[in-house]
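Structure record follows, encoded as structure tokens.
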Amino acid sequence: MAAALQLVGDRWALLVIRELMFGNHRFAGLARNTGAPRDRLAARLRDLEAGGVIERRQYQERPVRFEYHLSEAGRDLTPVVQALFAWGDKWAVEDPPVVLRHSCGHGLVASMRCAHCGEPVRGGELAFESRDAGWDVHGPVEPEMSEHSGR
């Protein structure tokens, strides 16, 4: 999670990703719609491109100008952005400024389902397994004392 947040956990990065999902691909539109200072936006775009989240595509030769598009990795952030929309609609605003609609025309309710059994995933049903030696889900694990350690 920390590695993901390092790449996309900044306000401007997430707003850029939102705008690209909305179909806004040019720098001026991204600056207008995110409210990001131009220098900060340029830095975020460079970071997102370097991290493989977005791709630059030239659309004009004189002067050279680029559009920004989500890469496969960026498109894989769609459920994350949908979940942030849902959370924000419930907890951060009284009247949501945007409604997400599925192609069927109905409002989208973000949900997560187990890919194996298809059941909805609820927080209390999750088990966490640390795969990092020396850590468990509570943090660093003290090395076990052995007979040979002299302790």
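Read-outs: derived from the displayed coordinates by stated rules, not from any lab. This structure is a prediction, so every number in the text was calculated from the model and none was measured. Note that we place each Cβ from the backbone using ideal geometry, even for glycine, and neighbour counts take in every protein chain shown.
Between the DSSP loop rule and a limit of at most 12 other Cβ atoms within 10 Å, which chymotrypsin sites (Phe, Trp or Tyr not before Pro) in region 37-135 are left?
Qualifying residues, ordered by number: 128.
Can you sort 21, 1 from fewest to most other Cβ atoms within 10 Å of each residue's own Cβ?
1, 21
Any idea what angle helix 38-50 forms with the longest principal axis of the chain, computed on alpha-carbon atoms, 0 to 90 degrees, nearest 10?
Helix 38-50 sits roughly 60 degrees off the main axis of the chain.
Note the angle between two axes, namely the Cα long axis of helix 78-91 and the longest principal axis of the Cα atoms of the chain, as a number of degrees from 0 to 90, rounded to the nearest 10.
90
Cα gyration tensor of the chain, axes a ≥ b ≥ c as square roots of the eigenvalues: rounded (a/c below 1.5), prolate (a/b > b/c) or oblate?
Since a/c reaches 1.5 but b/c is at least a/b, the shape of the chain is classed as oblate.
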